[in-house]
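The values are calculated or read from the model by the stated rules, or taken from the named source; none is laboratory data. Predicted model, so just to flag it, every value in this text is computed and none were measured. All Cβ positions, glycine included, derive from the backbone under ideal geometry; neighbour counts span all protein chains shown.
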There are 2 protein chains.
Amino acid sequence: MNDAAVLPLDAETKVIERPSDHKDELRLWLRLFSCKMLIENEIRRRLRDNFEITLPRFDLMAQLDKTPAGMKLGELSQRLMVSNGNITGLVDRLVEQGLLDRQPAPNDRRAQLVKLTAEGRRSFRAMAASHEAWIAEIFGDLTASEREVLMRLLGKAKDAARAAITDSGKG
Amino acid sequence: MNDAAVLPLDAETKVIERPSDHKDELRLWLRLFSCKMLIENEIRRRLRDNFEITLPRFDLMAQLDKTPAGMKLGELSQRLMVSNGNITGLVDRLVEQGLLDRQPAPNDRRAQLVKLTAEGRRSFRAMAASHEAWIAEIFGDLTASEREVLMRLLGKAKDAARAAITDSGKG
DNA sequence: CCTATAAAGTTCAGGCTTAAAGCAACGGGT
DNA sequence: ACCCGTTGCTTTAAGCCTGAACTTTATAGG
């Protein structure tokens, strides 16, 4: 997933002469992947070193911080794009840490509403400030307009991906 | 990590009036993340449904397919950007499946060389063809020049991230 | 040769993640 | 009221992943 792994095209994997291969799309995907991996690993390390928290827990708290009214577990699962059962365990651990609060949802005895506790919110806000600065630092070498273009193209890629997914009958 | 979670800026999280916050970098990161997640989940599903293989195993085999001479475990760990111990287990399972082959490295009794077996190579090549087509399908809505720009900007982001990481004394 | 340091892998505990199966509650149709 | 498909969540088994401690081998300096 590293450039060094992709760029040195040897004789076997030469791209040029083939009429309709798709090596460049593949390279784009690999670069997207490695870019994400690089940043994520660093953020994970800093969250651990500075706040002794894992990235998944931080991400979950970030979602909750945006919705003070609380969220249902299934909603969290959609936002974080992970499986149902994953959220159950993650919330369990955060509740045990005293950062989250589960309560029955009104009008639906199946569902639960999850919120940040006061401590959870305080704790998250402190971390979020640093986190935001780290991200800004990492993307600092890009100009505002480059960031804008990147944002737009990633949006387009995302839409295209979603279209490809529903076409293939994921539902 | 979904746009729906990011775009609806309510009163609390308004961006405009603040002079030097970094919400746009954050949104860029979130979009990169969700874009990767969307594609990865779909690829994982297709690999599973069509070939009964996991994404990490496929990725590892992809690295080995590029270097017929074989790779050391540490090299794999760097390329895939995952930890050492992770590779050990992944290789164990692939060897057990008969897709990989471990052998002692020449001139260094600590190291091992890992290669695809004949079956592993055959198996990978079959999967790789489909995989490449899927990626092309997913990125199909982007024009060649859009892909080129995206590639360049992601490269720049990657370099910037690497710089930020080594600056902070990761060594 | 001897020692110190570094490097390559492994092991371990703990946590993250998925897919699949299961349970309870909802809601529409009859 | 009853059935039935759906939804919200939990549970389980298996696999993925990390960080840290550890073993073995290599390498450099005396």
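Numbers at a glance
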quantity: Top-ranked residue in region B:45-79 [being facing chain A (nearest Cβ under 10 Å), farther than 16 Å from B:Q103 by Cα and touching a residue at least 24 places away in the same chain (Cβ under 8 Å); ranked as nearest to DNA strand D (Cβ to nearest atom)]; calculated: B:A62
quantity: Single condition A:A164 does not satisfy, out of (1) within 27 Å of B:G155 (Cβ to Cβ); (2) surrounded by 19 or more Cβ atoms within 10 Å (Cβ to Cβ); (3) within 11 Å of DNA strand C (Cβ to nearest atom); (4) not polar (S, T, N, Q); calculated: (3)
quantity: Of residues in region A:130-141 being touching a helix residue (DSSP H, G or I) at 6+ places or on another chain (Cβ under 6 Å) and assigned to a loop (DSSP other than H, G, I, E, B), the one surrounded by the most Cβ atoms within 10 Å (Cβ to Cβ); calculated: A:F139
quantity: Within region B:122-147, tally of residues that are within 12 Å of chain A (Cβ to nearest Cβ) and touching a residue at least 24 places away in the same chain (Cβ under 8 Å); calculated: 7
quantity: Checklist (1) modelled with pLDDT under 95; (2) of a type in the set (S, T, Y); (3) surrounded by 19 or more Cβ atoms within 10 Å (Cβ to Cβ) applied to A:S34, failing item; calculated: (1)
quantity: All positions within region A:92-126 that are among the polar types (S, T, N, Q) and part of a helix (DSSP H, G or I); calculated: A:S123
quantity: So A:G74, is it out of contact with any helix residue (DSSP H, G or I) (no Cβ under 8 Å at 6 or more places or on another chain) and assigned to a helix (DSSP H, G or I); calculated: no
quantity: Region A:77-87, residues that are within 13 Å of A:P56 (Cβ to Cβ) and part of a helix (DSSP H, G or I); calculated: A:S77, A:R79, A:L80, A:N86, A:I87
quantity: Where a residue in region B:105-121 is more than 12 Å from B:L60 (Cα to Cα) and its partner, wherever it lies, is within 6 Å of DNA strand C (Cβ to nearest atom) and in a strand (DSSP E or B), with Cβ under 6 Å and at least six apart; calculated: B:A105/B:Q112; B:A111/B:K72
quantity: All positions within region B:94-104 that are touching a residue at least 24 places away in the same chain (Cβ under 8 Å) and among the aliphatic types (A, V, I, L, M); calculated: B:L94, B:L99, B:L100
quantity: Residue in region A:94-113 that is among the β-branched types (V, I, T) and in contact with a strand residue (DSSP E or B) (Cβ under 8 Å, 6 or more places away or on another chain) present; calculated: yes
quantity: B:D65, sole failed condition from (1) more than 16 Å from DNA strand C (Cβ to nearest atom); (2) over 25 Å from A:L32 (Cα atoms); (3) touching a strand residue (DSSP E or B) at 6+ places or on another chain (Cβ under 7 Å); (4) not basic (K, R); calculated: (2)
